[in-house]
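All remarks here apply to the structure that follows.
Values quoted throughout were computed directly from the atomic coordinates according to the rules given, and no laboratory measurement underlies them. Just so it is clear, the structure is predicted and the values come from calculations on it, not from any experiment. Every residue, glycine as well, gets a Cβ built from its backbone with ideal geometry; the counts of neighbours run over all protein chains shown.
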Amino acid sequence: MIAIVLAAIVGPLLCRADPSSIDLAKILAGPSRAHPFGCDALGRDVLARVLWGARLSLSISTIVVAISLVVGSLIGATAALSGGRIDNLVMRGVDIFLAFPGILLAIALAAILGPGLIDLVIALTAMGWTGYARIVRGEVLSLREREYVLAAETLGAKKSRLLMRHLLPGVVGPLAVQATFGFGGIIGAEAALSFLGLGAIPPTPSWGNMLDAGRAFLLVAPHLTTAPGLAIGFSILGFNLLGDGIAQKVGHRA
Amino acid sequence: MIRYGLRRILALAPVALGVATLTFAIIHLVPGDPVTAMLGETAAPADIVGMRRQLGLDRPLLEQYAAYLGGLAVGDLGESISYRKPVTRLIAERFPATIELAAAGMLVALLLAFPLGLVAGANPGGVGDLGAMGFAIVGISVPHIYLGPLLMILFSLDLRWLPLTGRGGIAHLVLPAVTLGTALAAILARMLRQSLIRVRESDYMRTALGKGLSPRAALVRHGLKNALTSVVTIIGLQMGALLSGTLIIEMIFSWPGIGRLLIGAIGARDYPVVQGCVLTFAMTYVVVNLATDLVYAIIDPRVRVS
């Protein structure tokens, strides 16, 4: 897990091979000393592309998780604190977003917005924010009934102070769990969208579009799919294990 | 039970309307002109105007929305631009393939999850538990887009046991279904293990053991049934992942379902088809969710009251 983050940050600096330099003599070359993961159909170094792909994948998922977390939490907290009709309306809205299974909403948005990194972030965020909204709303609603919160309210604390000082700390744990699993989910979704040609467009190296490109050479050059495939698998595995760990510590399952 | 069912079905209407509205909004309100996108930047202005009129895009948005809802009510999703056929018919032709794939994926998931979950839950901390949960954590993490090609290399290209792509008999179904079902199997196995462990500590299990049932018989007869409710919940929650998974699987294995129709239509800028497919997926999901809730209410009568 830490290794992947490190690899994403320092990898491109250490690895001198240019991810887009083309060497026609090495088309589909297998792993060798100069190119540990071999070369792709255009003679580009697969290791360098996987490392650059890690940068793209991690930075996109960080941005998406951060925006989803903030937007979702604000909406969830607003719904819970307003109560009544506003709460009802907001949660109906969340239900409607949730009615689009998995990455379908992201696919539909990416299809209309067109491929590209900013559009990719918008599409993935539209898919991700609902989970945070639901968790924050649920937690705030239950925390509100606690005695210490009721006491603060009786003493005349303002809603904003109530939220920041008394409610937010209680929500951090479940949110951390959700965000960690969210990371894994977004990495997978990003790869899937890029795989479908709806995310990062070649020549920008992304794990998803590398897998897509490698599919054509399954028999002659299986290393083309192995490297990005394992990269995605291990990243998601890392975030899942981390999420399990945090969940156990916080004593909460997302 | 019947009253509960009716209430749930009635509650479906606003969600369905919302889904239809959001789909319409994505297609019509998001920046980017579909007509220019379809005809290209260099299209003659007259062609653009003609196309807009043909698609009804020159009318006010509210009027388009009303026409769209009216069409929906009678099952009319417009006409495909690239196929020159009604969208409803295109979808109806491919819907069975997608359902077949999803059902097969679910079957694989259940066939894998029950033995794994039982082995793990029967003896937590044992060798079987470690093995099963090791498989589960890997299964959850491996993405479809990697597992698919991996299975293709192994079983189609190397061993030549199974066909590579397309839809035909059972043999064609195996690899896509396994690819689709593995992650769900892993999640279900983990859930089953967890609830079995919880159930073991309950009073009725102690009673069952006390009256002389062997641990295995007690687990299967009393434990499994009670652990089942949480498994059904997870199945409901994971239906979305399963359905949207078919999209990716259909692309990997050239499976002629709605997912491939959708991705193809996105490439061809065939917006009526995109709209129809997105709507079909979402509505299927909503209906499947309702069905899961009803099954849940049958298994666990407490749900009906709250």
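Values computed for the structure shown
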{"read-out": "Per-residue average of Cβ from other chains inside 10 Å of B:241-249", "value": "5"}
{"read-out": "Cα gyration tensor shape of the stretch B:140-205, rounded if a/c is under 1.5, else prolate or oblate by comparing a/b with b/c", "value": "prolate"}
{"read-out": "Viscosity 1.567 mPa s, 4 °C: Kirkwood-radius Stokes-Einstein D of the protein assembly as shown over Cα pairs, µm²/s", "value": "51"}
{"read-out": "Mean-position separation - Cα centroids, the stretch B:129-186 and the stretch B:199-242, in angstrom", "value": "28"}
{"read-out": "Relative contact order, percent, the stretch B:154-306 [alpha-carbon distance under 8 Å, six or more residues apart]", "value": "22"}
{"read-out": "Peptide B:135-145 - average C-beta neighbours from other chains (10 Å radius)", "value": "6"}
{"read-out": "The stretch B:43-122, relative contact order [Cα under 8 Å, separation at least 6], %", "value": "11"}
{"read-out": "With at most 13 other Cβ atoms within 10 Å, longest stretch of chain B clear of loop trypsin sites (Lys or Arg not before Pro) (DSSP)", "value": "B:212-306"}
{"read-out": "Within 10 Å of each Cβ in B:285-298, the average number of Cβ atoms from other chains", "value": "1"}
{"read-out": "Longest site-free stretch - chain B; sites: GluC sites (Glu not before Pro), DSSP loop, at most 14 other Cβ within 10 Å", "value": "B:42-200"}
{"read-out": "Radius of gyration and Dmax over the Cα atoms of the stretch B:162-241, both given in Å", "value": "17.7, 55"}
{"read-out": "Distant-in-sequence amide H partners of residue B:79 (H built 1.01 Å from N, under 5 Å)", "value": "B:87"}
{"read-out": "Cβ charges +1 (Lys, Arg) and -1 (Asp, Glu), total dipole of chain B, debye", "value": "1200"}
{"read-out": "Kirkwood Rh in Å, taken over chain B so that all alpha-carbon pairs contribute", "value": "22.2"}
{"read-out": "Point-to-point label distance, residue A:142-residue B:58, nm (Cα→Cβ direction, 7 Å offset)", "value": "5.8"}
{"read-out": "Relative contact order (%) - criterion: Cα under 8 Å, at least six apart; region: chain B", "value": "25"}
{"read-out": "Distance-filtered residues of the stretch B:244-278 - backbone nitrogen under 15 Å, label point 7 angstrom along residue B:85 Cα→Cβ", "value": "B:256-262, B:264-265, B:273-274, B:277"}
{"read-out": "Kyte-Doolittle mean at least 0.0, axial Cα span of 20 Å or more - DSSP H helices of chain B", "value": "B:2-29, B:87-122, B:127-141, B:170-200, B:224-252, B:271-299"}
{"read-out": "Residue-averaged [θ]222 nm for the protein assembly as shown, counting only DSSP H segments that reach four residues, each worth -39500 (n - 2.57)", "value": "-24500 deg cm²/dmol"}
{"read-out": "Contour excess over end-to-end distance, with Cα ends at residue B:44 and residue B:160 and 0.36 nm allotted per residue", "value": "36.6 nm"}
{"read-out": "Paramagnetic reach from residue A:230 (point 7 Å along Cα→Cβ, amide N under 19 Å) across the stretch B:117-144", "value": "B:135, B:137-144"}
